[in-house]
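The values are calculated or read from the model by the stated rules, or taken from the named source; none is laboratory data. Computed from a predicted structure; not experimentally measured. Glycine gets a Cβ as well: all are built from the backbone with ideal geometry, and neighbour counts include every protein chain shown.
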Amino acid sequence: MLIDKYKDLNEEQRAIVDSTSQFASENIMPYSLQWDKECSFPKNALKKAGELGLAGIYVSEKDGGLGLSRLDASLIFEELAFACPSTSAFLSIHNMAAWMLSKFGIQELKNKYMSKIIKMENIASYCLTEAGSGSDAAAMKTKAVYFKDNTSYEINGSKSFISGAGESDLYFVMMKTENNMNEEISCVLLEKEFKGISFGKNEDKMGWKNQPTRTISFDNCIAPKSNLVGKEGEGFKIAMQGLDGGRINIASCSLGAARFCIEKTVNYVNERKQFGKYLKDFQSVQFKLADMITDFEAAKLMVHKAAEALDKKEKHSTISSAMAKRYATDVCFRICNEALQIHGGYGYLSDFGIEKMVRDCRVHQILEGTNEIMRVIISRKLLDRE
């Protein structure tokens, strides 16, 4: 095997990789191209993932999760993405929502929702982005005001580009609430069936076709104040902490896609002949493969380092997450694109699976904060040190 996915892993981590690989090879890999072509949301596979514990990977054991580390989660999402980046990415979003409830939710709220989230009986989505406030999250306009006897919120506004919208049962929504006459961002957990919630059309996307992406609108939506996650005004903190882990997760998904493309390409150049020679014998191909594997290994080191920094709650974990996300998603997309180029016309055909990896990975440079925003975070932290 060209890439040793077990390198530097302990016995427990190797077991995690093996069990995830087996699950993905049986429940995701055989169907991923079909899901992509049909834009089919794989609820059955997600339910099976929940049964394996993959819906609460780093949720504490006392709340019903696996209680694994962020590094363990990175290994899991990479392995799932080797089979399908879109499915892996959606599970990472669900896990982020589950972690938010586990870390910030009061016990009554956990009792109400946690068990079903962990079992994937209730699918969860995360709602931050709005049409007019993509990277500028603080400019959001979705707002909640106290309703009647102050036991409920009345919510108006909308969220855009929401993965799982319309299919998910629960939505962790960031919105402005009034606190001491000031507007602050809070997180409120909304159920799909709450009155006043509606969903736009399923967007026709370049990639991530097996998960729906819709706008969610709130028109005088009523939600109990008891569904507040954390305290009023803590929403931005919750969102930013969630994004640190989310950036590592999405970088890990890019790693899985890149590893898939590298392995497919190595097999291809060993079998394909041009001008009487195997492709592997052309120096131009050798150099491309050398760059691909070098970039992959460098990206993996950065992602794992960022995951360990988050596990250890290191002071600079945010900048580590931003650097890992920026670097890994950029170079892994290039790896997938280079693999397509080496395959030539065959790479452009959907049956080989590589063009899907290119399409699925492209959005990783945009979501969880664009890579331009990652550069802003990195430069600001760097200049703050001086």
What's the number of the only condition in (1) surrounded by fewer than 16 Cβ atoms within 10 Å (Cβ to Cβ); (2) at pLDDT 95 or above; (3) out of contact with any Phe, Trp or Tyr (no Cβ under 8 Å at 6 or more places or on another chain) that ALA298 fails to meet? (3)
Surrounded by 20 or more Cβ atoms within 10 Å (Cβ to Cβ), outside any helix (DSSP H, G or I) and of a type in the set (Lys, Arg), is that true of LYS141? no
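Find the residue count for the range 334-386, including only residues that are of a type in the set (Lys, Arg), surrounded by fewer than 21 Cβ atoms within 10 Å (Cβ to Cβ) and within 20 Å of the chain's Cα centre (by Cα).
Residues meeting the conditions: 4.
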Filtering the range 5-25 down to residues that are surrounded by fewer than 13 Cβ atoms within 10 Å (Cβ to Cβ) and among the acidic types (Asp, Glu), which residue is modelled with the lowest pLDDT? ASP8
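Please count how many residues of the range 144-163 are more than 16 Å from ALA239 (Cβ to Cβ), touching a Phe, Trp or Tyr at 6+ places or on another chain (Cβ under 9 Å) and either modelled with pLDDT of 90 or more or not hydroxyl-bearing (Ser, Thr, Tyr) (or both).
Step one: filter the range 144-163 for residues more than 16 Å from ALA239 (Cβ to Cβ), giving 145-156, 158.
Filter once more, so that each one left must be touching a Phe, Trp or Tyr at 6+ places or on another chain (Cβ under 9 Å): 145-147, 152-156, 158.
Restricting the remaining residues to those that are either modelled with pLDDT of 90 or more or not hydroxyl-bearing (Ser, Thr, Tyr) (or both) gives 145, 147, 152-156, 158.
Total satisfying the criteria: 8.
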In this structure, does LYS280 turn out to be farther than 19 Å from SER254 by Cα and either in the same structural domain as SER92 (by TED's automatic domain parsing) or charged (D, E, K, R) (or both)? yes
Restricting to strands (runs of 3 or more DSSP E) lying wholly in the range 156-265: which have 2 or more residues that are without any contact (Cβ under 8 Å) to a residue 60 or more places away in the chain, in contact with a helix residue (DSSP H, G or I) (Cβ under 8 Å, 6 or more places away or on another chain) and over 24 Å from ALA73 (Cβ atoms)? 182-191
